[in-house]
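The values are calculated or read from the model by the stated rules, or taken from the named source; none is laboratory data. Everything quoted here is computed from the prediction, not taken from an experiment. Cβ: placed from backbone, ideal geometry, glycine included. Neighbour counts: every protein chain shown.
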């Protein structure tokens, strides 16, 4: 099955918004074996939308368009699709049901006229429920070709694609594609490539390998395509078993795993609790931990100690330690970790202190110098990291490195 | 002048790489008054490239393509352009000069044969110097239409666009474009549309309005195009002045402003300090505040109080308050805000307690119920929000709502 993605919106054409919707959708469709032949961004103009649809259907079986479904006057996708299919707008009871439900959930008073009109859809489509917004998705099918129209709001679109569209499209496909993704932390891309070079060279031709680096993480994705699903899975799993002993400690998870989730599951499993004391990461580590639903089971709380007073008064870091070694030092992070562990009475504690940048560095401690400590009932270990000069990336890398240090400590102590 | 951007590369079509090149180029061209009518991503295939060029030139005067100019076999753009223009590859002395210069600068030994071949370009183009890589850009001009081919490596492409292409194109252009973006918090898209309906209807035809919603925020963009730059600016500013009194308190900034930055600047300006006590947002509010470089000037720290023990022991929330009203209540957030303000001795304090979801709701307090308090030296105010059932969005919306509450308090107290 070949597909084209069409994103509608002037904001894309003036460069105000980066088209992350299209790349996300391309990735999802690719995972179920659908080839994307073109991605197109066009303006909110009727004739442009119609011309793009005509062209796209010349080479694609599936066209997915996003955007232009809001309640306001500049949202013209629905009317354009009516004209394109020679259809009429019709009030759809199911679509209205979801709009009313959303209003009730949010405690909004009455459905406004503009929102009521969003329940009107062309009479030749099925609606795709939108549980996160007022614009329903629309699924058109005509002479073996499929057109799907979705709102451009990323989280609305994503939920509709994951929960409704992908399962429906999967049923139509005969070629299987099997992916397995390994999540890796604590090693750079080129160093990793050296470590696994021989393994990579011996991979069978039908298995493709992709490096997908992100700040502080690398994903390695293995892909095989074919008619026998079980065979694909067996061959990929065999290769992963060969890979694991080459990079122990770096692989923290597979497929949908997130480091913060893996660590949370370990804490849950061993009935251990955690607290954090953060300086340069400013709450981002706590945010990662608490982004996991149910984290209150193992996470008690944190102190964000941006100023030295807070480090001393709340975390019991000694004034002499700060004076002799500075806030970014092994001695300080160790005292911070012990301080928060005692204060919140947890089994483990993580502390981070560093220079996130872009300013505040010195010759001795340049921007990107980060100390991280992990305290358990038995010991406090600390590690120094030398990261780059981008504040946002340093914060994320430091938090991920801290989580991986904790993960390894739990595995060591609890195994 | 109308333009189309064509990005070449399989990595775009499988969603491995987000097309940030195109949005950056679109922004640069737009700023000099060039209209982007389409952005297209296609595969590394000759026939796809040729078909896209044919189509693009039907509606555009300028086509810019990126990618496929590397030294390896899968880089086919140059050969395809030769075929497209019926041209021949010719060794270009200027292009070779820049390649040799780059090798000398980087201390690389000798120019390899593969890199030498990169100095061969179609004989009907001018080269565009590339000071950061070995692939020269190419500028074709034929019957009043321009085709520009650039490498896909972002920093190589950007330097060539900024230093060479934009100045050349500017000389050809007479039309200016002026944008102004308003950032809005605290009101939903359709409510906002209702509030400003009359203003929107009276906008002069040459001013276009776009709604750009994000979780917890809306951007409103006004755009005008014409020959007189000063006139465009004046007419947009006049409309913004009419809009401001219609939605007081909701507009927090313009153009590149971020709410966390605006709030930080207000705190700096008035020499005030801030601390936060977070429950359901789990550190995300602190993360937003500290994502701004220099925030240590006004931000002292936070307590993330996920458990009731931490709320009582560190923030001095009374056991009876938690018992009678629960952790998600007006009384509790007010005590949390006062507690952290006293503990860290700051001028302002924000506290948040709520049910982020997806579980933990009840009939009385459904998922998405969030209480936020802002304490100053004079008062503690609290507000209740009813958000949705998506944990990540609830966390972000709550943090943004809290920052906007603080912003309004500072404006009220310090004006």
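Looking only at residues in region B:8-20 that are buried (at least 24 other Cβ atoms within 10 Å of the Cβ) and facing another protein chain (nearest Cβ under 9 Å), the one that is nearest to the chain's Cα centre (by Cα) is B:19. Could you go through region A:11-23 and let me know if any residue there is in the same structural domain as residue A:117 (by TED's automatic domain parsing) and over 21 Å from residue B:27 (Cα atoms). No; the residues of region A:11-23 include none that is in the same structural domain as residue A:117 (by TED's automatic domain parsing) and over 21 Å from residue B:27 (Cα atoms).
Only a single criterion out of (1) touching a strand residue (DSSP E or B) at 6+ places or on another chain (Cβ under 8 Å); (2) in a helix (DSSP H, G or I); (3) within 10 Å of chain B (Cβ to nearest Cβ) is not satisfied by residue A:267, namely (3). Of all residues in region B:333-361, those that are under 30 Å from residue A:105 (Cβ atoms) and within 33 Å of the chain's Cα centre (by Cα) total 12. Against the numbered list (1) in contact (Cβ under 8 Å) with a residue 24 or more places away in the chain; (2) within 14 Å of chain A (Cβ to nearest Cβ); (3) surrounded by fewer than 20 Cβ atoms within 10 Å (Cβ to Cβ); (4) closer than 23 Å to residue B:3 by Cα, residue B:144 comes up short only at (2). Is it the case, given these coordinates, that residue A:23 is assigned to a helix (DSSP H, G or I) and within 14 Å of chain B (Cβ to nearest Cβ)? Yes, satisfied.
Of all residues in region A:12-22, those satisfying the criterion of being more than 12 Å from residue A:66 (Cβ to Cβ) and free of Cβ contacts under 8 Å to residues at least 24 places away in the same chain are A:14, A:15, A:16, A:18.
State yes or no: is residue B:155 modelled with pLDDT of 95 or more, surrounded by fewer than 23 Cβ atoms within 10 Å (Cβ to Cβ) and either in the same structural domain as residue B:56 (by TED's automatic domain parsing) or not in a helix (DSSP H, G or I) (or both)? No: the conditions fail for residue B:155. Looking across region B:117-130, the residues that are over 13 Å from residue B:81 (Cβ atoms) and crowded, with 17+ Cβ neighbours inside 10 Å come down to B:118, B:119, B:128, B:130. Of everything in region A:102-112 that is in a helix (DSSP H, G or I) and at the interface with chain B (Cβ under 9 Å from one of its Cβ atoms), the residue that is surrounded by the most Cβ atoms within 10 Å (Cβ to Cβ) is A:102.
Residues that are assigned to a helix (DSSP H, G or I), over 30 Å from residue B:368 (Cα atoms) and either within 13 Å of chain B (Cβ to nearest Cβ) or touching a helix residue (DSSP H, G or I) at 6+ places or on another chain (Cβ under 9 Å) (or both): does region A:291-308 have at least one? The answer is yes; a qualifying residue exists. Only one of the listed residues (B:261, B:272) is in contact with a helix residue (DSSP H, G or I) (Cβ under 9 Å, 6 or more places away or on another chain) and either assigned to a strand (DSSP E or B) or at pLDDT 95 or above (or both). That residue is B:272. Among the residues of region A:149-194, which ones are over 24 Å from the mean Cα position of the chain (by Cα) and within 22 Å of residue A:17 (Cβ to Cβ)? Of everything in region A:149-194, nothing turns out to be over 24 Å from the mean Cα position of the chain (by Cα) and within 22 Å of residue A:17 (Cβ to Cβ). Checking each residue of region B:95-117 against the condition of being at pLDDT 95 or above and in contact with a helix residue (DSSP H, G or I) (Cβ under 6 Å, 6 or more places away or on another chain) gives no match. Only one residue in B:339, B:368, B:360 is modelled with pLDDT of 95 or more and farther than 14 Å from residue B:315 by Cβ, so which one is that? Going through B:339, B:368, B:360 in turn, just one is modelled with pLDDT of 95 or more and farther than 14 Å from residue B:315 by Cβ: B:368. Taking the criterion of being surrounded by 15 or more Cβ atoms within 10 Å (Cβ to Cβ), touching a helix residue (DSSP H, G or I) at 6+ places or on another chain (Cβ under 6 Å) and assigned to a helix (DSSP H, G or I), would at least one residue in region A:348-355 satisfy it? No, that holds for no residue. In a loop (DSSP other than H, G, I, E, B) and either out of contact with any helix residue (DSSP H, G or I) (no Cβ under 8 Å at 6 or more places or on another chain) or within 13 Å of another protein chain (Cβ to nearest Cβ) (or both), is that true of residue B:48? No. May I ask you to verify whether residue A:297 is at negative phi and touching a strand residue (DSSP E or B) at 6+ places or on another chain (Cβ under 9 Å)? No, not satisfied. Considering only residues in region A:274-322 that are surrounded by fewer than 18 Cβ atoms within 10 Å (Cβ to Cβ) and touching a residue at least 24 places away in the same chain (Cβ under 8 Å), the one that is farthest from residue B:305 (Cα to Cα) turns out to be A:316. What about residue A:265, is it in the same structural domain as residue A:339 (by TED's automatic domain parsing), within 28 Å of residue A:302 (Cβ to Cβ) and free of Cβ contacts under 8 Å to residues at least 12 places away in the same chain? In short, yes. Of the strands (runs of 3 or more DSSP E) lying entirely inside region B:186-257, those containing at least 2 residues that are more than 9 Å from every other protein chain (Cβ to nearest Cβ) and crowded, with 17+ Cβ neighbours inside 10 Å span B:217-226, B:251-254.
Residues in region B:323-338 that are surrounded by 24 or more Cβ atoms within 10 Å (Cβ to Cβ) and touching a helix residue (DSSP H, G or I) at 6+ places or on another chain (Cβ under 8 Å): how many?
3
With respect to the conditions (1) within 13 Å of another protein chain (Cβ to nearest Cβ); (2) modelled with pLDDT of 95 or more; (3) not in a strand (DSSP E or B), residue B:277 falls short on a single one, namely (3).
So which residues in region A:26-39 are facing another protein chain (nearest Cβ under 7 Å) and modelled with pLDDT under 95? Within region A:26-39, A:27, A:30 qualify. Residue check: is residue A:64 crowded, with 18+ Cβ neighbours inside 10 Å and outside any strand (DSSP E or B)? No. Of all residues in region A:383-396, none that is within 11 Å of chain B (Cβ to nearest Cβ) and modelled with pLDDT under 95 has its Cβ atom under 8 Å from the Cβ atom of a residue that is surrounded by fewer than 16 Cβ atoms within 10 Å (Cβ to Cβ) and in a strand (DSSP E or B), 6 or more apart or on another chain.
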